[in-house]
Each structure stands twice: as C-alpha cells, then as structure tokens.
Amino acid sequence: SLCLVPVTLLLSNCSQAVVDVMIDLRHKTTSPEALEIHGSFTWLGQTQYKLQLQGQEVYSLQLTACFVHTGVYNLGTPRVFAKLADQVTLSETSQQNSMPALIIINSI
C-alpha cells in the first residue's frame, strides 16, 4: 500500500527584483540523528523545478509525497536556490536549518 499526500511549497519573493529560482527535491537528510527520527519517503513526479518570480510575487508549487510505512517524516527536505535574474551564479537560500516540517503517517 502507498499513502500519497498533497504538499504545497509556498515560495515568496520579498524583494522588488525579478528572481530565478530552482527547487531540488532530490536532497535527502543523511545525518544519523535525522534518520533515527524521520523515515525515508519519496517525492513523486518531477524532481527539479526552474521558475522565475517577479518582485513581491508569491507562487504555490503543488507536490506529492509518497509514503510506504507508518512513521514520522520531515517534509522540509527540498533545497531552494535563487539568484537575481540578471546575475550568472546561483546562491542557495538555505532551508536546512529551519524548523522541520513534520508529518505523522498513522496507517497505510
């Protein structure tokens, strides 16, 4: 059995500038502490997204998480990279130190 959960990733450009954004869903937390607390799950569908946010734009990205076992999972694994639209290099907007986005799967 599978448990499919719709997830909305809300992106907000708080600046006035146009920003290029890349979202990578392939990143997994590999620290031993995280693996003991949070199980492994899979993002279904596309694993990378590239989009452009206008100044002050808010964008909702619809994702689907897939679980095969009950447990507690951290959905806060996507990595978000952003750069000003007229610059060449990407800089990571780190989400790794933020509070975990936990979900509890009770039954499948």
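Just so it is clear, none of the values below were taken in a lab; they were calculated from the coordinates. Keep in mind that this is a model prediction, so the values were computed, not measured.
Brief remarks on what is shown
- Backbone HN-Hα couplings from phi across the stretch 9-21 [Karplus 6.51/-1.76/1.60, Hz, Gly and Pro as x]: 9, 9, 10, 10, 9, 7, 9, 8, 7, 7, 10, 8, 10
- Note, ³J(HN,Hα) from phi for the stretch 50-61, Karplus 6.51, -1.76, 1.60, rounded to Hz, x at Gly and Pro: 10, 8, 10, 10, 6, x, 6, 7, 10, 10, 9, 9
- Potential lengthening of the chain between GLN62 and LYS50 amounts to 3.0 nm, from the contour at 0.36 nm per residue minus the alpha-carbon distance.
- Taking amide H positions as modeled 1.01 Å from N, with prolines and chain starts lacking one, the residues under 5 Å from VAL18 and 5 or more places away or on another chain are GLY55, ALA85.
- Built amide H within the under 5 Å cut-off of VAL7, gap 5+: LEU63, THR64, ALA65
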